[in-house]
Amino acid sequence: MKVELKKGHLSDFKGGLLCVFLMQNDDPPWDVKPFLKDVPEERFEGKLLQTYSTDTMGQAKFAKLLVVGLGKKEEYKIDFLRRVAGTAVRYAAGIKEKELTIYVPSKFVGKPELNKMAQAVVEGAILAQYKFTQYKTKKDDLFVVEKLHILSKEEIGEGVKRGIIYAEAQNYARELDEQPANVASPKWVVEEARKLAKKYGLHITVYDKNEMKKKGMNAILAVAQGSAQDPHLVRVEYNKGKHPTYCVIGKGVVFDSGGINIKPSPGMHEMKYDKTGAMNVLGVMKAVAELKLPIHVVGFMPMVENMPSGSAQRPGDIVKAYNGKTIEVLNTDAEGRLILADTLTFATEEKPAYMIDMATLTGAMVVALGRHAIGVFSNDDTLAKTIEDAGTDAHERVWRMPVWPEYTEMMKSDFADIKNISDTGEAGSITAAAFLQEFVGETKWAHLDIAAVDMVKTPHPYLDKGATGIGVRLVTETLVKLAKKK
Ligand code: BES
Ligand code: MN
Ligand code: ZN
């Protein structure tokens, strides 16, 4: 979908389908008013996502009108704009309109928010029209809106531009994440990372199995050893010659069968999404490069497949991690923390001001917070707070959880320095974070457990069924905020 900004008044608009948003009890824009005056309240009162559409029968410069409700003023949140824009795009696709114009008014919220509003509208529209169709041989019932015009009398070019960059980076991560493991092998991901690096002039280094062996990254190797696919550790660097350095790390398990502690069959196919963290890293790198942020960002993606086989690691195995600590692997399904252990240590060598990892780490996240939040675990209050603020803006909301020494205590092993699961299974997400913390040293770090939000199964106002790419806008916005603070 192409997005174009048109500066002007509603009355100057000429075209097909026009969409306006309307808050409950608010006056519609002057040009739209005549079409709403005889509409009974039961039919349309502006409730959130309520729609009213009509043909203008030659009585206006636009052929069709769609009004989407924005709800009550007191309840307004910036994310409502993503939702109404998503609704508009889906409506346009439903009636097979190739072009859609959305009018962004300046009335219902204060001026300073204007660019943020425009950004949200554009994000909602671009995210809502994304659908993974690559493997559908018949595409005739799939209709896409080709062009979105944003109409406004205000200066919102910045917001529109940012909206396009953020949402396209997210859709890019979704597209990669959707790839099934018979396509998306670690090697395939490496090639995709190379394509991205080439396009944006990023510096890329790929460490293969032998190099990892030499370095002693045995925790990554232990997870990968059961698979016919070789592991790869990818480092991508965006460098505008500026400092400080920020590292972004993503769990890249292209398929998580559980290994010898094999997972139950129901839902196992969803474990192709266990590479979401790593795909999000690529999304963030794309966004950072397009935004031309004045910082140095290094992305790390440990790519492996977790499989059971004659060469797979066994429960009870003990491995020496890259930082020298020994790990007793009590459950081969707790593999994400193993590959992250070595990668986090490796990332600390960049001496970053901050590092952030994203990982579909624990099913316990769903138990703790349901499907509406990302767990954030951090050893630094400033970083945690910045992520929380970014989460509010992006509506990829995070909730901070503790990583107290008592949780670290739960991960002490009888026969090695640390074990990869606790005895009780209590506080599953926190003990996983406490495990990771053993590998970050003094580096300021935050871990984002995205296990509950990596994909959606139920209808969402602007994210279709499947990979969500949630985390891309959150981490990008966090870097934007950190870049401003430095
Ligand atoms: N990839 C899973 C976590 C997961 C589960 C993500 C469901 C998304 C949806 C992770 O590798 C895993 O298997 N974790 C185990 C940890 C346990 C063995 C301590 C889990 O959550 O059950
Ligand atoms: Mn697992
Ligand atoms: Zn996993």
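The values are calculated or read from the model by the stated rules, or taken from the named source; none is laboratory data. For clarity, every value in this text was computed on a predicted model and none was experimentally measured. Cβ placement follows ideal geometry from the backbone for every residue including glycine, while neighbour counts extend to all protein chains displayed. Just the protein is used for accessible areas: all its heavy atoms, side chains included, with ligands, DNA and RNA removed. Shrake-Rupley method; radii C 1.70, N 1.55, O 1.52, S 1.80 Å.
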Filter result for the condition that a residue is at pLDDT 95 or above, more than 13 Å from ligand 1 (Cβ to nearest atom) and more than 21 Å from Thr478 (Cβ to Cβ), over Met271, Met303, Met285, Met279: Met303
Restricting region 77-102 to residues that are of a type outside the set (Lys, Arg) and in contact with a His (Cβ under 9 Å, 6 or more places away or on another chain), which is modelled with the lowest pLDDT? Ile78
Does region 8-51 hold any residues that are of a type outside the set (A, V, I, L, M, F, W, C) and under 31 Å from the mean Cα position of the chain (by Cα), and which are they? Gly46, Lys47, Gln50, Thr51
Condition test on Thr424, is it in contact with an Asp or Glu (Cβ under 8 Å, 6 or more places away or on another chain) and surrounded by fewer than 19 Cβ atoms within 10 Å (Cβ to Cβ)? no
Among (1) open to solvent by 10 Å² or more (accessible area, probe 1.4 Å); (2) within 14 Å of ligand 1 (Cβ to nearest atom); (3) within 24 Å of Val472 (Cα to Cα), there is one condition Asn261 misses while meeting the rest; what is its number? (3)
Is it true that Gly258 is at pLDDT 95 or above, on the phi < 0 side of the Ramachandran plot, assigned by TED's automatic domain parsing to the domain that holds Glu191 and within 16 Å of ligand 3 (Cβ to nearest atom)? no
For region 377-391, enumerate the residues that are within 17 Å of Val403 (Cα to Cα) and surrounded by fewer than 22 Cβ atoms within 10 Å (Cβ to Cβ). Asn379, Asp380, Asp381, Thr382, Leu383, Ala384, Lys385, Glu388
Could you please find all residues in region 334-350 being away from ligand 3 (no atom under 16 Å from the Cβ) and open to solvent by 10 Å² or more (accessible area, probe 1.4 Å)? Thr345, Phe346, Thr348, Glu349, Glu350
Are any residues in region 180-191 open to solvent by less than 10 Å² (accessible area, probe 1.4 Å) and under 17 Å from Gly283 (Cβ atoms), and if so, which ones? Ala184, Val189, Val190
Filter region 264-305 for residues that are among the β-branched types (Val, Ile, Thr) and away from ligand 3 (no atom under 12 Å from the Cβ); the one that is surrounded by the fewest Cβ atoms within 10 Å (Cβ to Cβ) is Ile295
Tell me which residues, restricted to region 354-365, are over 17 Å from the mean Cα position of the chain (by Cα) and within 14 Å of Glu270 (Cβ to Cβ). Gly363
Check region 112-135 and report whether any residue there is more than 26 Å from Ala169 (Cα to Cα) and surrounded by fewer than 14 Cβ atoms within 10 Å (Cβ to Cβ). no
Please determine, by comparing only the residues of region 434-452 that are open to solvent by 10 Å² or more (accessible area, probe 1.4 Å) and in a loop (DSSP other than H, G, I, E, B), which one is nearest to Trp399 (Cα to Cα). Ala451
Looking only at residues in region 356-372 that are crowded, with 19+ Cβ neighbours inside 10 Å and under 26 Å from Gly163 (Cα atoms), which one is farthest from ligand 3 (Cβ to nearest atom)? Ile356
Matching residues in region 341-391 - criterion: being on the phi > 0 side of the Ramachandran plot and within 15 Å of ligand 1 (Cβ to nearest atom): Gly370
Within region 301-308, identify whether any single residue is out of contact with any helix residue (DSSP H, G or I) (no Cβ under 6 Å at 6 or more places or on another chain) and charged (D, E, K, R), and answer yes or no. yes
Taking region 383-433, which residues are in a helix (DSSP H, G or I), without any contact (Cβ under 8 Å) to a residue 24 or more places away in the chain and more than 30 Å from Leu463 (Cα to Cα)? Pro405, Glu406, Glu409
Those residues of region 204-219 which are part of a helix (DSSP H, G or I) and farther than 15 Å from Thr326 by Cβ amount to Lys209, Asn210, Glu211, Met212, Lys213, Lys214, Lys215
Enumerated strands (runs of 3 or more DSSP E) restricted to region 45-127, each holding at least 1 residues that are among the small types (Gly, Ala, Ser): 51-55, 62-71
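Conditions (1) away from ligand 2 (no atom under 16 Å from the Cβ); (2) outside the structural domain of Gly259 (by TED's automatic domain parsing); (3) over 21 Å from Ala278 (Cβ atoms), marked per residue:
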| site | (1), (2), (3) |
| --- | --- |
| Thr345 | yes, no, no |
| Thr360 | no, no, no |
| Ala368 | yes, no, yes |
| Asp389 | yes, no, yes |
| Ala427 | yes, no, yes |
| Thr443 | yes, no, no |
| Ala446 | yes, no, no |
| Ala452 | no, no, no |
Based on this model, can you work out whether Glu328 counts as away from ligand 2 (no atom under 12 Å from the Cβ) and touching a Phe, Trp or Tyr at 6+ places or on another chain (Cβ under 7 Å)? yes
Quick check on my filter: what residues within region 13-52 are of a type in the set (S, T, N, Q) and either surrounded by 14 or more Cβ atoms within 10 Å (Cβ to Cβ) or not assigned by TED's automatic domain parsing to the domain that holds Ala63 (or both)? Gln24, Gln50, Thr51
